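No lab work stands behind these numbers, since they all come straight from the coordinates. Everything quoted here is computed from the prediction, not taken from an experiment. So basically every Cβ, Gly included, is an ideal-geometry build from the backbone, and we count neighbours across all protein chains shown.
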Amino acid sequence: MSTTGLSPAPVPTAGPVIDTVPVVSRKVAIIFGVLTLGMVLILLLAPQDGETTFRLAASTDFVALPELTVPSMAGAWTLTAVCALLTAESVRRYVARRSTPMWVLAAFAVAWMAGFLTWAAAGESVPVVGLLAGSIALAVPLVFGALGGVLGERAGVVNIAIDGQLLFGAFAAALVGSLTGSPWVGLLAAMVAGALVALVLGLFAITYFVDQVIVGVVLNVLVIGLTSFLFSQVLATNTPALNTPPRFPRVPIPVLGDIPLIGPVFFRQTAIVYLLYIVVALVAFALYRTRWGLRVRAVGEHPLAADTVGIKVNRTRYRTILLAGAIAGMGGAFYTLVSVPQFNREMTGGAGYIALAAVIFGKWDPIRATLAALLFGFATNLQGVLAVLGSPVPSQFMLMLPYVITIFAVAGLVGRSRPPAADGVPYRKE
Amino acid sequence: MKLVLRNITKRFGSLVANDSISLEVSPGEVHCLLGENGAGKSTLMNVLYGLYQADEGEIVLDDQVQHFTGPGDAMAAGIGMVHQHFMLIPVFTVAENVMLGNESTGVAGTLDVAAARERVNEISERFGFHVDPDALVEELPVGVQQRVEIIKALSRDAQVLVFDEPTAVLTPQETDELMQIMRQLKEAGKAIVFITHKLREVREVADKITVIRLGKVVGEAKPTATNAELASLMVGRPVELVVHKDEPQLGDDALVVQDLRVRDALGRVHLDGITFTIRAGEVLCVAGVQGNGQTELTEAILGLQEHVEGSVTLDGKQLVGRSVRQVLDAGVGFVPEDRQEDGLVGGFSIAENLMLNRSFRSPFVRRGSLRRDALEEFAEQKLKEYDVRAPDIHTHADKLSGGNQQKVVVARELSRDLRLLVAAQPTRGVDVGSIEFIHKQVIATRDRGIPVLVVSTELDEVVALADRIMVLYRGQVIGIVPGDTPRETLGLMMTGERPKDMIA
């Protein structure tokens, strides 16, 4: 972000800036401890026999990585020990009034996850590539949705209607894709549909000052009702013509796709996923490095100040949320043009709300929100993979996993995050 | 560039905020617009700046009639404004704030931050501002933030600069520096409009003075006019600028504050171990620039702050750790600094507001139900006694002017059996007539033998009321000095400099 790398401001006439005692959260250390302890309990109470195999290569790899086989219990205990060490490091830093750095967090997450998998998949083999590639696939709509959310909120409009934009996008993509036979036209239709939902949101939230949260929720319900009705009355009666959209084919990228592990995960995807990479980079760049982005952020932080320097606040907000809606709509297209080549009622399953959580977890920053969405995607896919492997954990618990991670992430780990100052506040001129 | 306003009229519903106001400002001239809060000065300037559209009249710049539809037009025409509430985005850097709306860009709309930084450096060098273009605005002291506002206007080649109540948030030293900057700008040939209600500043820099009252121009004056002349023009009748008070009749130590520490939820220290005593029948004024712990001090006494350590005793009874209601029952009267936010319920009538601190038991409540007759009788009496100008006691509080609202608050707080009065910014945004009245009430309270704690950022008010003055800076007591301490000393103390004789 723009704040890093600044030298502290020289303060010639010292004003009312009061000394701050650095507040170091002990949340991280506590969560680490609880998770490590949980792991120990699992290992003690439900020991597993056998060996765990991690398959690091996809069948079509150019250079095949070897399989990694470890004795389950020994491996799990080793990784638990690593977790314990990292917990100790976090505690040490808390005592020294320093915060836990990102690398410790990441290392802990990887170690814990690997330890858990080693235990849960004892006697089985874990398809690592499939697990990660599947996570990306599940995260795509979430990332698009989260980007739409970040953009809207940065401009000062709370976008609760992400779910509606995803769903309407999915519907439009299925319908138009089926009619035209082109996934690209379907994608375009999804963007228009998402923008349309955003337009309604803008009309009420920006022009008529209606509470943005309420409008957003109502819009989500409206889109569910509308698409369900159209599905049962129109699509379902003529499925071959109206609800059999063409799919985006999987397009491996020549060289990148051949890199072991990374290639099959990131670069043997569909066009829409590649488009996602571009959109993430573009949004992040535009928001921080262009005139457009500066104005969008200004309008979301202090609209009156923006107005006094000649920026049209409401016009900027409209444009931004229309763009945000279009981006979220692309996420919707992923459901019907990639995942399942057919629209079903309520097929997003509340993904828009998870995307909203990713916005907050990502502190209103496009890159972080993307990472957060990827994490949620991983959690969802992990549940699926473990269910297939036949893990000892009841499947109901596994189904809860993505949501539990969402709550933990939003409530605890991020620490204090500051939303744009004018987020959700309509701008009225006297 | 010569600015002429001709017969500007602006109405809000039935209220005429500006009634045919005319004004002329020439290059190289500081023109003061003097008037009370609510006289229509800010409205006029918002019309000039394109935030409001005038109902009648015209704005002329160098003989060209202008039609501003928004601030963008006004800026393009060469008008720059330094707003009372800074129009800066706290989380942006100085350079980003300066370039916003006027960005120089490279390929594909990328920001040219280097150019903006250059511009900031160039202007701050020319006027000796010392502003770091890469500093985050929220981390700068207010005085420096104000310079950023000035740089913002200058970076757009403004020829007419409007300063809207610029000294309200400044220390006396910062105010002096601002006056110096205004003189520099004047010499650089800018036309300057300086809006204020502070007489001293007017006489210091103004070349011409126009006085506005109730939306109308009521007169012009020379900078040589006396304070009394200017004040009576502003108010429309002779005013007493000095509060008459006798020597205090001091009693025993009443309020004893020891080693009071207040932190906020984020752990930031707002009061760092302060100790002071107020005796019965004494007014202690807390001076300091806003945000140095004054709010936290009054709220800690009242029990509104969460993380309080140390001791506050009133007549020997500990107040720290008590609920607000227990503190009120101990006889503490509290005039909060923001009457609209904390002092009144806007949608309640005057009568209802008068009983807010006595919503339990007698005299206004019996067995859980309101005693309307007792309340109305009480309200009628207070309306007269405190000279609240309102149609009747059923008028909603938010329909009253600032001065009358404040009188309702003061009436409510003083009509109880008090052991201590805490008054935070008792006359902020209040007309001169009401200031006089409220000051008299404060002194009368003191003379009844009640200890009074007044918090004010207006040095005039501090000097007028105080028997002793305590200066707060960054949550610490810089010193407690006698009421007749010279302003210069107080000003220095407000910037954190400790005087030699610490405690009076």
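Determine one quarter of the surface area of the Cα convex hull of the protein assembly as shown, which equals its mean projected area, and express it in nm² to one decimal. Intermediate values should be presented prior to the final figure.
Working: hull surface 183.6 nm².
That works out to 45.9 nm².
What is the list of residues in the range B:459-475 whose amide nitrogen lies under 12 Å from a point 7 angstrom out from the Cα of B:ARG487, following Cα to Cβ?
B:459-464
So which DSSP H runs in chain B come out at 15 Å plus along the axis (Cα) with average Kyte-Doolittle of at least -1.0?
Numbers: long enough: B:113-127 (21 Å, -0.48); B:142-155 (19 Å, 0.51); B:172-187 (23 Å, -1.21); B:372-385 (19 Å, -1.38); B:402-414 (18 Å, -0.38); B:432-447 (22 Å, 0.16).
Both cut-offs are met by B:113-127, B:142-155, B:402-414, B:432-447.
Evaluate the Debye formula for the range B:157-219 with equal point scatterers sitting on the alpha carbons, no solvent, and hand back log10 of I(q)/I(0) at q = 0.16 Å⁻¹, in q order, two decimals.
For the range B:157-219, the Cα-only Debye profile gives -0.55.
Mind listing the long-range amide H neighbours of B:VAL218? Cut-off is under 5 Å, sequence gap 5 or more, other chains count too, H placed in the peptide plane at 1.01 Å from N.
B:VAL211, B:ILE212, B:ARG213
Can you pull the one-decimal nm distance between simple spin-label points at A:VAL234 and A:LYS312, each 7 Å off the Cα toward Cβ?
In this crude spin-label approximation the distance works out to 3.2 nm.
Provide the FRET efficiency to the nearest 0.05 for the B:ASP176-B:VAL242 pair, computing r from the beta carbons and using R0 = 22 Å.
0.40
Taking all pairs of different Cα atoms in the range A:129-373, averaging 1/r and flipping that mean, what Kirkwood radius in angstroms comes out? List each step's numbers first, then the result.
On the way: mean 1/r = 0.0557 Å⁻¹.
After inverting the mean inverse Cα-Cα distance, the result is 18.0 Å.
B:LYS222 to B:ARG6: FRET efficiency via 1/(1 + (r/R0)^6), r the Cβ-Cβ distance, R0 25 Å, to the nearest 0.05? Intermediate results must be reported in sequence, preceding the final value.
Numbers: r = 23 Å, r/R0 = 0.93.
That pair, B:LYS222 with B:ARG6, gives E of 0.60.
Assign unit charges at the C-beta atoms only (+1 for Lys and Arg, -1 for Asp and Glu), then state the dipole size of the protein assembly as shown relative to its Cα centre in Debye, rounded to the nearest 20.
Values: 80 positive and 91 negative charges, 393 e Å.
My answer is approximately 1880 debye.
Given only helices, namely DSSP H runs of n ≥ 4 each adding -39500 (n - 2.57), what is the per-residue ellipticity at 222 nm of chain B, to the nearest 500 deg cm²/dmol?
Values: 16 runs with 159 residues, N = 504.
Taking each H run of at least 4 residues, the total per residue is -9000 deg cm²/dmol.
For a paramagnetic label modelled at 7 Å from the Cα of B:ARG448 toward its Cβ, which residues of the range B:292-334 fall within the zone defined by backbone nitrogen distances under 19 Å?
Taking a point 7 Å out along Cα→Cβ of B:ARG448, the residues of the range B:292-334 whose backbone N falls under 19 Å are B:314-315, B:327-334.
For the range A:262-333 and the range A:122-149, what is the separation of their C-alpha centers, rounded to whole Å?
Each part reduced to its Cα centre gives a spacing of 23 Å.
For B:GLU118 and A:LEU256, what does the FRET efficiency come to when R0 = 35 Å and r is the distance between their Cβ atoms, rounded to the nearest 0.05?
Values: r = 41 Å, r/R0 = 1.16.
In this case the efficiency is close to 0.30.
Quick one: divide the alpha-carbon radius of gyration of the range A:301-430 by 2.2 N^0.38 Å and tell me what you get.
1.34
Using a Debye calculation, one point per C-alpha and no hydration shell, please list log10 I(q)/I(0) for the range B:316-468 at q = 0.09, 0.10, 0.14 Å⁻¹ in order.
-0.28, -0.34, -0.69
List the lysines whose alpha-carbon lies under 26 Å from that of B:LYS186, not counting same-chain residues fewer than 8 positions away?
B:LYS2, B:LYS41, B:LYS152, B:LYS198, B:LYS208, B:LYS222
Is there a quick way to get the dipole size of chain B? I mean about its Cα centre, with the Cβ of Lys and Arg at +1 and of Asp and Glu at -1; what is the value in debye to the nearest 20?
In total the dipole reaches around 1260 debye.
Within the range B:336-361, whose backbone N sits under 13 Å from a point 7 Å along Cα→Cβ of B:GLU376?
B:351-352
How far is it, in nm, from the label point at B:ASP157 to the one at A:ARG319 when both lie 7 Å from their Cα along the line to the Cβ?
My value for the distance between the label points is 2.4 nm.
In whole angstrom, how far apart do the alpha carbon centroids of the range B:100-116 and the range B:344-361 sit?
Cα centroid to Cα centroid, the span is 54 Å.
Can you compute the charge dipole magnitude of chain A about its Cα centre, using +1 on each Lys and Arg Cβ and -1 on each Asp and Glu Cβ, nothing else charged? Give it in debye, rounded to the nearest 20. Could you put the intermediate results ahead of the total?
Working: 26 positive and 17 negative charges, 250 e Å.
So the dipole magnitude of chain A works out to roughly 1200 debye.
Compare the Cα positions of B:ALA206, B:ALA116, B:GLY343 along the charge dipole of chain B (+1 at Cβ of Lys, Arg; -1 at Cβ of Asp, Glu; about the Cα centre) and return the one farthest towards the positive end.
Final value for the positive-end residue is B:GLY343.
Which lysines, on any chain, are close to B:LYS384 with Cα under 21 Å apart, when same-chain ones fewer than 8 places away are left out?
Output for B:LYS384: B:LYS399, B:LYS407, B:LYS440.
Summarise the long-distance tail of P(r) for the range A:27-123 by giving the % of C-alpha pairs beyond 15 Å.
Summing the P(r) of the range A:27-123 above 15 Å gives 62 percent of all pairs.
Could you give me D for chain A, from Stokes-Einstein at 10 °C and 1.306 mPa s, where the hydrodynamic radius is the Kirkwood radius over C-alpha pairs? Units µm² s⁻¹, please.
Calculated translational D: 68 µm²/s.
Gap in Å between the Cα centre of the range B:261-275 and the Cα centre of the range B:431-485?
23 Å
Using the membrane-span-like helix rule (whole DSSP H runs, Cα extent along the own axis of at least 24 Å, mean Kyte-Doolittle hydropathy at least 0.0), which helices of chain A qualify?
A:27-45, A:72-95, A:102-120, A:128-154, A:162-180, A:183-202, A:212-230, A:271-289, A:313-334, A:366-389
Per 10 Å bin, what is the whole-percent P(r) computed from every C-alpha pair distance within chain B?
4, 17, 26, 25, 18, 8, 2, 0
Label points 7 Å out from Cα along the Cβ direction at A:THR180 and B:VAL65: separation in nm?
5.3 nm
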